[in-house]
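Take a look at the structure below.
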Amino acid sequence: MERQLSKPRPDWPARLEEHGFLFHSEGQSGTYWDESVCYRFTTAEIDCLDDATAELHALCLEAVDRIVRAGRYERFDLPPGAAGLIEHSWKARVPHLYGRMDLAYDGSGPPKLLEYNADTPTALLEAAVAQWVWLEQVHPEADQFNSIHEKLIARWRAVAGGRVHFAAVTTSLEDRSTVLYLADTASQAGIEPVEIDIADVGWNPQRGFVDLQERPIHTAFKLYPTEWMLREAFGDKLAQANTRWIEPPWKLLLSSKAILPLLWEFNPGHPHLLEAHYGEPPPQGRWARKPIYSREGANVSLVDTGRTITAAPGRYGHQPVIHQAYAPLYQRDGTHAVIGSWVIGDQSAGIGIREDASAVTMNTSHFAPHYFV
Amino acid sequence: MLEQAQVVALRRRRSHSITLVLIASSAMVAGCDQRVSAGDIAYHDRFGSADDCRRDYGDNCTYASTGASGRGGYYGPYIVNSGSRPAPSPNSVGVEQTVLSREVASRINSGAESARGGFTSRGGFGGGEGGGGEGGGGE
């Protein structure tokens, strides 16, 4: 694994935009997509990431099953009714579409799971499409760990048919672009996609959730966290309606950091897991303190022998926290890199890399493409 | 017979280029707004008290005297494009039919007058701050 300088294509913004990647220069830094650097991997390193992702996903599914069977929801701070939805969706094996694991990996030693963005992951269009187009133009002789696009199309064929609504906060360019890309892959799987803003989803006592044309919403992909939906005005309608949501409610367990201590409890010492605990950290050592529903690294802090050494701001400070053993990220030239490893259906499907000056990856991060030889 | 390295490459590299259909054509179907016209039939729930109305419709209640009798009452929002007379909401005393005037239709279309499609209420999701995705660059 090596961070390399790379000459940007002179027309890179236009190249990205013609594939629907319009938010390449968003974010606080003004540069989200950064092709002035790239990452080079060996085949053995890619094999390592591929295998680790598949193994971790299997551990996660096993953990969900154990949690549901034992009713161990007490650490997830669930709103009323959530446990029933989770159980129902898991026992019915309501299918899921995708997820992204964030891994700490520096090319040596086993990749370590930092968290599993199993409900509403983004950085998808850039991983699936933008970096592939970059590869074809900049490193046509090389390969890339990236079969996200065709696996999404195949997965859509397995999980849905007919009309599917795609709900998101459409005023967010990034979210809307992500949903539009997912709808594109669904369309290629024979699905009729209908876009709707999440706030326009209607509730009709006779027809359940409906769109703006009053048509029942039978299947909906939502780029909107399940835990938010559960706590909002229509939260109590989720159990009444027949709408099938993608991702299904059981993915909430995996997307919460509250899963991390349970994964460790179920698989102590596993090479791809980090020791994790609820509540206060052990007195010695370096730990990452994470609110259980924090997003974009908000309110994550690093604690060394009881002393906070880095703290990210945010609005999740009131939530219960877990402490996870600190795993150093790959670090070069003043930047830290986290591997976003994609799972489509139950298959490992590729990676994307985000860099940040901070050891906590936040929405200030840059996306850098990769290749392997 | 493929060499091991070729097998690995075939496992990960796409055999075809990426094709984007909707992004290229902007062909995704979006839900459309409820538009109404003067003369359209609409309905609204009538309530015996302001409290009953608030139980079903929150702040979207108005007091009005209607018809030649000047009979007053509390009303929920207009129910438009429902196709047929909707069932009454749980705390109402019944559903009344009305014909939209040009002025009311204009207010509904501009959003100044609250209206519901059938018994549909909206805005029950989407109260979170910012987008719902996690992991990209924008907020």
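The values are calculated or read from the model by the stated rules, or taken from the named source; none is laboratory data. All figures in this text were calculated on a predicted structure; none of them were measured in a lab. Note that we place each Cβ from the backbone using ideal geometry, even for glycine, and neighbour counts take in every protein chain shown.
Okay, residues lined up against (1) within 14 Å of chain A (Cβ to nearest Cβ); (2) touching a Leu at 6+ places or on another chain (Cβ under 6 Å); (3) at pLDDT below 85; (4) crowded, with 22+ Cβ neighbours inside 10 Å:
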| position | (1), (2), (3), (4) |
| --- | --- |
| B:Pro88 | yes, no, yes, no |
| B:Val93 | no, no, no, no |
| B:Val99 | no, no, no, no |
| B:Phe119 | yes, no, yes, yes |
| B:Glu129 | yes, no, yes, no |
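For A:Gln240, the conditions (1) more than 11 Å from every other protein chain (Cβ to nearest Cβ); (2) within 17 Å of A:Pro320 (Cα to Cα) all hold with the exception of (2). If you go through segment A:197-228 and pick out every residue that is farther than 24 Å from A:Ser255 by Cβ and either more than 7 Å from every other protein chain (Cβ to nearest Cβ) or in contact (Cβ under 8 Å) with a residue 40 or more places away in the chain (or both), you end up with 5.
Here is the figure for segment A:241-263: residues that are part of a loop (DSSP other than H, G, I, E, B) and touching a strand residue (DSSP E or B) at 6+ places or on another chain (Cβ under 7 Å) total 5. So, B:Tyr78, is that one surrounded by 15 or more Cβ atoms within 10 Å (Cβ to Cβ) and at pLDDT 75 or above or not? Considered against the rule, which asks whether it is surrounded by 15 or more Cβ atoms within 10 Å (Cβ to Cβ) and at pLDDT 75 or above, B:Tyr78 comes out as yes.
Conditions (1) facing chain B (nearest Cβ under 8 Å); (2) surrounded by 21 or more Cβ atoms within 10 Å (Cβ to Cβ); (3) without any contact (Cβ under 8 Å) to a residue 24 or more places away in the chain; (4) not small (Gly, Ala, Ser), marked per residue:
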| site | (1), (2), (3), (4) |
| --- | --- |
| A:Ala14 | no, no, yes, no |
| A:Glu26 | yes, no, no, yes |
| A:Tyr39 | no, yes, no, yes |
| A:Leu49 | no, yes, no, yes |
| A:Ala54 | no, no, no, no |
| A:Cys60 | no, yes, no, yes |
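When residues in segment A:229-270 are screened for being assigned by TED's automatic domain parsing to the domain that holds A:Leu180 and more than 16 Å from the chain's Cα centre (by Cα), 17 of them pass. Only helices (runs of 4 or more DSSP H) whose full extent lies in segment A:123-196 are considered here, and the ones with at least 1 residues that are within 18 Å of A:Thr219 (Cα to Cα), at the interface with another protein chain (Cβ under 9 Å from one of its Cβ atoms) and touching a residue at least 40 places away in the same chain (Cβ under 8 Å) are A:173-188.
This table checks each residue for (1) more than 22 Å from the chain's Cα centre (by Cα); (2) touching a residue at least 60 places away in the same chain (Cβ under 8 Å); (3) assigned to a loop (DSSP other than H, G, I, E, B); (4) closer than 24 Å to A:Thr226 by Cβ.
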| residue | (1), (2), (3), (4) |
| --- | --- |
| A:His272 | no, yes, yes, no |
| A:Tyr293 | no, yes, yes, yes |
| A:Ala298 | no, yes, yes, yes |
| A:Val303 | yes, no, no, no |
| A:Ile309 | yes, no, no, no |
| A:Gln324 | no, yes, no, yes |
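Taking the listed residues A:Ala288, A:Ala349, the one that is within 27 Å of A:Ala142 (Cβ to Cβ) and part of a strand (DSSP E or B) is A:Ala349, with no other qualifying.
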